[in-house]
Every structure is written in C-alpha cells, then in structure tokens.
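In what follows, a structure is listed as structure tokens, so that the remarks can point back to it.
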Amino acid sequence: MSTNAELKDTPGYLDPMSEPAEHEYAGTGETANVGSVPRITVHGFCLTDATMRVAETAMEDRRMSKAHLKLDMGGIPAAIDVFAQAPTPNLVMVESNGQREELLNSLDQLAEYCDAGTKVIVIGNMNDVSLYRDLIARGVSEYLIAPVNVYQLIGAIAELYSDPEAEPLGRTIAFFGIKGGCGSSTIAHNSAWALGRNFQSEVVITDLDLPFGTAGLDYNQDPLQGVFEAISSPDRLDETYLDRILSKCNEHLSLLAAPATLERTYDHSEKSFELLFETMRATVPNVVLDVPHTWNAWVKNTLLNVDEIVLVAEPDLANLRNAKNAVDMLKQLRPNDRPPHLVMNKVNVPKRPEIKPEEFAGALGLTVQASIPFEPQLFGTAANNGQMISEMDGKHAVARVFDDLANAISGKVQPAKVVRSPLGGLFSKLTRKSG
C-alpha cells in the first residue's frame with residue numbers, strides 16, 4: 001500500500017483531508033479553482049450516506065446548474081442493473097468499498113454496458129497508486145479517495161469536460177452597494193484600475209447602471225456604444241464586436257459604458273446579461289461588474305453566478321440591515337462559495353454616529369476587507385478630474401487600500417479568517433419581530 005505522500009504526485013489525486021475549514025460559509029479559497037460543469041447528464045451510485053449528502057449538495061451548486069444529475073444508492077451493482085436495461089449517460093459516478101480484485105472485477109462487468117463516450121468516476125477507499133494506474137488503464141476517467149468534499153467532486157467533473165486547448169476563462173467580480181449612495185461605483189472603478197496596473201493584465205470594467213452610470217465620467221470617457229448595444233444585439237455579440245464597442249482607458253483597462261440616458265426604460269429579463277458576461281470572460285482575464293443598487297431578477301442572477309462579490313457599505317444601521325439581508329441571501333444561493341468581501345466606505349464622518357467597522361462585520365460573520373475613510377476633498381477632486389485616486393496621488397493611504405483590495409479580489413490572496421463579534425443590542429433591532 002502506498003503512502004499519501006506518494007499519491008500526491010499522482011495525476012488526478014485529490015487529498016481526502018483537504019476539507020475546507022468550517023465557518024458560517026462553507027466556501028473557501030478552494031472554490032477559486034473549481035470550474036463550471038457543462039450541459040451533461042450524470043448518474044451517480046453511492047454506497048454511503050456521507051457521499052450521497054456531498055453529491056446532493058453538489059447538485060444544488062451554481063456550477064452544476066447546467067448539468068442534469070441523478071443519484072441512487074447501491075454502488076457498482078446498482079449501476080450494472082440499471083445500465084443493463086438503459087443507455088448510459090455522459091458520466092457515470094460509482095462508489096465502492098470493495099478490495100482491489102473485487103473493484104476491478106465489478107468495473108469490468110460495468111464496462112460491458114457502458115456506451116462509447118461515457119466517462120466513469122470511481123470513489124473508493126484505497127490509497128493505492130498501482131490501483132489508480134489499473135483503473136486508468138481500464139478507461140476509468142478519475143479515481144477519488146473517500147471521503148470526498150463538494151469542491152473535489154464538482155472540480156473532478158468539470159476537469160473531465162474542460163477543453164485543454166481552450167484559453168482559461170476570465171474571472172467576474174461584482175461590486176454591489178448595500179445602500180444607495182454608499183460609493184460602490186467609486187470603489188469598483190478604483191479597484192479595477194488598480195487590478196490592471198498591479199497585475200499587468202487586461203481588465204474590463206462594466207457599468208451596469210444603464211440609466212445613471214458614472215464610469216464614463218470617472219474615467220473621463222464618452223463612448224458612443226457600450227452595455228446597451230451589447231445586450232441589444234445578441235446575434236452580433238462576439239469577441240470582435242465586443243472589442244469594437246469597448247473604450248480603452250489605459251494599457252490594461254477597458255470600459256464597457258452605460259448609456260446614462262433616460263431616453264428609454266431598461267426593463268431587462270433575468271438572463272439578458274448572461275451572453276455578455278460569457279463573452280467577456282472568454283476575452284479578458286478580469287471582468288469587474290459595477291452592479292447598481294437595485295433588486296430585480298437580472299441583478300440576483302448576476303450575483304448568483306459571478307466568481308467574487310464585493311459588498312460596499314457605510315457604517316450605519318440602515319446599511320447593516322441591508323447587508324444582513326444580502327449576506328443571508330448569498331449564503332443561501334451560494335453555499336459552496338467563499339464569502340463576499342466587505343468594504344466599509346466613508347468611515348469617520350465628522351459628528352456622525354457610526355457602528356465600528358469590526359462590529360459591523362462581526363454581526364455579519366465576515367471580516368473587513370478594506371476600510372476607506374471619509375475624504376470628500378480627495379474623492380471629489382478625483383471625480384471632477386476624471387481620475388482615479390492612484391493617478392492623483394499614488395502614495396496616498398487610500399491608494400494603498402485600493403491596491404490591497406485589488407490583490408484580494410484577484411483570487412491570488414486567501415481571504416482573511418472570519419471574525420465573530422456580535423453587535424449585541426443594536427443588531428437585535430434588525431431581527432426583532434414586530435409584535
């Protein structure tokens with residue numbers, strides 16, 4: 001029997017001890033490397049309740065939304081019984097607790113009923129390199145060692161159907177203001193600028209506030225086309241068309257601007273922006289979405305499917321209530337994703353009663369990713385000049401805050417640990433039922 005150290009050098013090996021640390025969110029930095037699963041059919045045959053629970057959780061994950069997953073108990077014998085009478089799906093997933101010869105013999109029987117093109121994932125309990133090689137030689141696509149976690153399972157399925165020659169997909173980062181006027185757009189624009197500069201990689205900032213967007217003003221740009229044209233012509237939308245309507249802000253940053261006019265209403269459906277986001281992800285490494293402070297089907301769908309979420313809030317009670325609602329919703333919709341980044345903006349406004357940022361974050365089960373002081377002269381001058389803070393004064397403390405935030409949302413820095421600091425009596429006002 002081989003050791004875990006030996007197995008870790010084996011292609012496809014996933015360490016069963018790599019369960020994420022438990023906190024209020026199940027998601028951790030591990031999710032950053034988990035891809036989405038395409039539109040396939042999967043039939044799983046579990047032996048243990050633990051594996052069944054993991055598979056059921058995977059079924060509900062946003063990355064599996066396009067796949068059709070069916071689960072049964074019974075392991076390989078049950079799979080043989082089913083596929084002796086029915087065609088096999090795109091992927092068969094079977095769990096076994098048998099010893100080496102028993103497992104290989106049962107897989108040989110299953111192979112008699114597998115259609116050409118069907119992939120097989122085996123979940124077993126033996127850490128054996130020679131077994132792994134025998135399984136791969138028999139045509140098994142992947143071998144996972146129990147107990148598996150959700151990230152391993154989804155990641156293994158996604159890896160089987162990824163195109164090795166395809167360009168890696170870009171990451172989508174949504175900035176969402178918890179309350180109107182909290183400065184989410186300003187934070188998004190400065191962070192996108194810092195992201196492109198710090199990593200010397202392409203970034204597209206997308207202004208989704210179609211009637212009132214300010215990205216064009218902030219970057220001193222006045223493009224004739226932008227988001228509205230992109231979503232209004234889905235039959236024309238491809239990488240070439242997207243490149244034509246982007247406005248170049250600097251070497252690494254491009255803008256897809258909002259029309260910022262009231263000549264029409266913008267009543268878009270839940271899926272209106274999906275093709276645009278997919279096209280951008282196939283084009284650039286980083287897509288920053290400036291999401292307006294509103295709540296409708298397409299905003300909810302956007303927050304459900306992005307890779308990273310940045311919540312921007314001011315340190316008062318109304319912001320805390322809204323943040324609590326948003327965080328609870330995100331936990332429900334994205335149970336296997338890392339928690340959102342929390343940015344506290346306009347901190348230390350003179351004579352304004354404020355909730356301490358650490359207490360604000362603790363009430364949400366989060367940590368403060370960035371705390372930005374109230375600097376009306378600095379931000380006002382930058383806005384009037386159409387400049388970012390770092391362009392005005394790269395050595396300013398606020399510029400360094402945006403650099404740190406860009407590093408965090410890049411996915412290359414692990415998020416800080418969750419802090420727990422309940423807000424006590426003040427926070428209880430938000431949960432008290434009216435009598």
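The values are calculated or read from the model by the stated rules, or taken from the named source; none is laboratory data. No experiment lies behind these values; they were computed from the predicted model shown. Using ideal geometry, Cβ is built from the backbone for each residue, glycine included, and neighbour counts are taken over all protein chains shown. The accessibility values were calculated without ligands, DNA or RNA, using every heavy atom of the protein model including side chains. Shrake-Rupley method; radii C 1.70, N 1.55, O 1.52, S 1.80 Å.
List, in the order given, every pair from Lys356/Lys395; Lys179/Lys356; Lys119/Lys331; Lys271/Lys331 whose Cα-Cα distance in the structure shown is over 24 Å. Could you put the intermediate results ahead of the total?
Values: Lys356/Lys395 26 Å; Lys179/Lys356 17 Å; Lys119/Lys331 32 Å; Lys271/Lys331 22 Å.
Those over the limit are Lys356/Lys395; Lys119/Lys331.
Residues with beta-carbon under 12 Å from that of Tyr241, excluding Tyr241: net charge, scoring Lys, Arg +1 and Asp, Glu -1? Present the calculation step by step, with values, prior to reporting the outcome.
Numbers: positive: Arg236, Arg244; negative: Glu229, Asp235, Asp238, Glu239, Asp243.
Once positives and negatives cancel, what remains is -3.
Using mean Cβ contacts within 10 Å as the protection proxy, how do 265-275, 340-350 order, highest first?
Working: 265-275: 14.1, 340-350: 19.9.
By packing density, highest mean first, the sequence is 340-350, 265-275.
Output the peptides 70-82, 34-46 sorted from most to least packed, where packing is the average of other Cβ atoms within 10 Å over each peptide's residues.
Numbers: 70-82: 16.9, 34-46: 19.5.
Peptide ranking by packing, descending: 34-46, 70-82.
Answer rounded, prolate or oblate for the range 178-284, using the Cα gyration tensor with square roots of eigenvalues a ≥ b ≥ c: rounded when a/c is under 1.5, else prolate when a/b is larger than b/c, else oblate. Spell out each step's value before the answer.
Working: a/c = 1.59, a/b = 1.10, b/c = 1.45.
The shape class here is oblate.
Determine the share of the chain's accessible area contributed by carbon and sulfur atoms, expressed in whole percent, with a 1.4 angstrom probe.
Numbers: 10180 of 20660 Å².
Carbon with sulfur: 49 percent of the solvent-accessible area.
Provide Leu253, Leu47 ordered by accessible surface of protein heavy atoms (probe 1.4 Å), highest first.
Details: Leu253 0, Leu47 65 Å².
The most accessible residue leads, giving Leu47, Leu253.
Take the alpha carbon atoms of the range 147-223, find their center, do the same for the range 328-380, and report the distance between the two centers in whole angstrom.
With the range 147-223 and the range 328-380 each reduced to a Cα centre, they are spaced 19 Å.
Based on the Cα gyration tensor of the chain, what are the three equivalent ellipsoid semi-axes, each the root of five times an eigenvalue, rounded to whole Å and given largest first?
Taking √(5λ) for each eigenvalue gives 44, 25, 20 Å, largest first.
Ignoring ligands, DNA and RNA, what accessible area per residue does the chain give at 1.4 Å, in Å²? If you can, show how the numbers build up before the last one.
Details: 20660 Å² over 435 residues.
So the chain comes to 47 Å² accessible per residue, rounded to a whole number.
Computed FRET efficiency, Cβ-Cβ of Ala78 and Leu333, R0 25 Å: what is it to the nearest 0.05? Show your work: numbers first, answer last.
Details: r = 32 Å, r/R0 = 1.30.
The formula returns an efficiency of 0.15 here.
For Asp316, tell me the accessible area in Å² from a 1.4 Å probe, rounded to the nearest 10.
It works out to around 40 Å².
When a/c reaches 1.5 or more, the comparison of a/b and b/c decides; with that in mind, is the range 126-234 rounded, prolate or oblate per its Cα gyration tensor?
On the way: a/c = 3.19, a/b = 2.64, b/c = 1.21.
Prolate is the answer for the range 126-234, as a/c is 1.5 or above and a/b outweighs b/c.
Which order do the peptides 392-398, 306-312 take when ranked by the mean count of other beta-carbon atoms within 10 Å per residue, highest first? List each step's numbers first, then the result.
Numbers: 392-398: 13.3, 306-312: 24.7.
Per-residue Cβ counts within 10 Å, averaged per peptide and sorted highest first, yield 306-312, 392-398.
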